[in-house]
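Colleague: Let me begin by handing over the structure; questions about it come next.
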Amino acid sequence: MRHRLTAAVAVLTLGLAGCGGATSDAGTDDKPAAGSKGTVKLAINPWVGYEANAAVLGYLLEHELGYTVDKKNLKEEIAWQGFETGEVDAIVENWGHDDLKKTYITDKKTAVDLGPTGNKGVIGWYVPQWMADKYPDITDGKNLNKYADLFKTSESKGKGQLLDGDPSFVTNDKALVANLKLNYEVVFSGSEAAIIKAAQQATAQKKPLLFYFYEPQWLFAKEKYARVKLPAYTAGCDADPKKVACDYPDYILDKIASKKFADTNSPAYQLIKNFTWTNDDQNLVSDYITNQGMTAEAAGEKWAKEHEATWKPWIP
């Protein structure tokens, strides 16, 4: 979920967000907790699916392998910068980011690809199912201008509103609105939680809503939303961010680690490399965290205790 910041701001933010004070297999100079095999520093990006991956891996790293886990709340691009400084050992759900892979894996050689998480990622535009039932052609992007008045809000400047999430997420939506000549304004809700709340209200109260959303996502198991068809994605159609006029590609979500962490070939590194599960697995843990009042730690523990056959093969 791509974003752009100036280098100065990004470095400052990393410094503020980083927890610091612990060693890791990446080879920093701090000391681990007594009795620990070392500290593994996991970036935590701001959506619950990512948190679910980290919850399960964190539980297994601590309780099966004896490591201390240091979780750092970081936006995506900033987490990649942490590979260079030694403040991040692993990103456990990466969405594409070919630009960052080129910078940190190919050019700087400070990061390595650890392979797929097993999750298939989908990004698109959605409306509540009741709108698709009432206005059957609304799910064709070519017809969105006809319905723009339905989506007007106090923030949409007299146009229809397209509601996005966290501004740091991967989004081509402003370019899509401009290049598809849609009479819409992109409005950012600010977080995954806010966009989920808006979607739930749109269903419960039958309020019009056009919104950016993605899978894996626990909400799709509870409520129906119809995806809006945009011009089909073809390889390279999104190469120029300012000229994008096609839908999002499907993503094979993967894991990224720092080169220093990978070079240790430690049990912690091998566990993260071996980790792979399904969208249903992730959605279940996300549901524990979001709807059942569990902490991420408790959710990871519950899932691990109930799915030993799934994670046993990950243990080196």
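The values are calculated or read from the model by the stated rules, or taken from the named source; none is laboratory data. Because the structure is predicted, anything quoted here is derived from the model rather than measured. Reconstructed Cβ throughout: ideal geometry from the backbone, glycine too, with neighbour counts over all protein chains shown. The area values use the complete protein model at the heavy-atom level, side chains included, leaving out ligands, DNA and RNA. Shrake-Rupley method; radii C 1.70, N 1.55, O 1.52, S 1.80 Å.
Colleague: Going through ALA298, ALA268, ALA245, ALA304 one at a time, which residue ends up being part of a helix (DSSP H, G or I), open to solvent by 10 Å² or more (accessible area, probe 1.4 Å) and at pLDDT 95 or above?
Modeller: ALA298
Colleague: If you don't mind, there's one more thing I want to ask. For GLY165, indicate whether it is touching a Lys or Arg at 6+ places or on another chain (Cβ under 9 Å), among the small types (Gly, Ala, Ser), open to solvent by less than 50 Å² (accessible area, probe 1.4 Å) and in contact (Cβ under 8 Å) with a residue 12 or more places away in the chain.
Modeller: no
Colleague: Now for a separate question. Of everything in the range 139-159, what is closer than 28 Å to PRO216 by Cβ and in contact with a Leu (Cβ under 7 Å, 6 or more places away or on another chain)? Give them in sequence order.
Modeller: Listed by number, the residues that qualify are GLY141, LEU144, PHE151.
Colleague: Now a separate question. Would you please name the residue that is farthest from the chain's Cα centre (by Cα), looking only at residues in the range 70-93 that are free of Cβ contacts under 8 Å to residues at least 60 places away in the same chain and crowded, with 22+ Cβ neighbours inside 10 Å?
Modeller: Only one residue fits best here, namely ASP70.
Colleague: OK, next. Six or more apart or on different chains, Cβ under 8 Å: which pairs go from a residue in the range 283-305 that's touching a residue at least 12 places away in the same chain (Cβ under 8 Å) and among the hydroxyl-bearing types (Ser, Thr, Tyr) to one that's assigned to a loop (DSSP other than H, G, I, E, B) and buried (at least 19 other Cβ atoms within 10 Å of the Cβ)? Could you list them?
Modeller: Matching pairs, first to second residue: SER286/PRO216; SER286/GLN217.
Colleague: Also: So which of GLY124, GLY158, GLY115 is closer than 21 Å to SER266 by Cα and surrounded by fewer than 20 Cβ atoms within 10 Å (Cβ to Cβ)?
Modeller: Checking each option against the conditions leaves just GLY115.
Colleague: Give the range 249-274 a look and list any residue that's of a type outside the set (Val, Ile, Thr) and farther than 19 Å from TRP80 by Cβ, or say none.
Modeller: PRO249, ASP250, ASN265, SER266, PRO267, ALA268, GLN270, LEU271, ASN274 - these are the residues of the range 249-274 that are of a type outside the set (Val, Ile, Thr) and farther than 19 Å from TRP80 by Cβ.
Colleague: Still on this model: Give LEU219, LEU162 a once-over and let me know the one that is in contact with a helix residue (DSSP H, G or I) (Cβ under 8 Å, 6 or more places away or on another chain) and at pLDDT 95 or above.
Modeller: Testing whether each residue is in contact with a helix residue (DSSP H, G or I) (Cβ under 8 Å, 6 or more places away or on another chain) and at pLDDT 95 or above leaves just LEU162.
Colleague: Which residue, of THR278, THR234, THR290, THR203, is touching a Phe, Trp or Tyr at 6+ places or on another chain (Cβ under 8 Å), at pLDDT 95 or above and open to solvent by 20 Å² or more (accessible area, probe 1.4 Å)?
Modeller: Being touching a Phe, Trp or Tyr at 6+ places or on another chain (Cβ under 8 Å), at pLDDT 95 or above and open to solvent by 20 Å² or more (accessible area, probe 1.4 Å) holds for just one of THR278, THR234, THR290, THR203, which is THR203.
Colleague: Which is at pLDDT 95 or above and closer than 30 Å to TYR225 by Cβ, of ALA111, ALA43, ALA90?
Modeller: ALA43
Colleague: So is LYS37 open to solvent by 30 Å² or more (accessible area, probe 1.4 Å), assigned to a strand (DSSP E or B), touching a Leu at 6+ places or on another chain (Cβ under 8 Å) and modelled with pLDDT of 70 or more or not?
Modeller: For LYS37, the condition - open to solvent by 30 Å² or more (accessible area, probe 1.4 Å), assigned to a strand (DSSP E or B), touching a Leu at 6+ places or on another chain (Cβ under 8 Å) and modelled with pLDDT of 70 or more - is not met.
Colleague: Go through (1) in a loop (DSSP other than H, G, I, E, B); (2) open to solvent by 50 Å² or more (accessible area, probe 1.4 Å); (3) at pLDDT below 95 and name the single condition GLY96 misses.
Modeller: (2)
Colleague: If ALA55 satisfies all but one of (1) buried (at least 20 other Cβ atoms within 10 Å of the Cβ); (2) in contact with a Ser or Thr (Cβ under 7 Å, 6 or more places away or on another chain), what's the number of the condition it fails?
Modeller: Here ALA55 meets the rest and fails (2).
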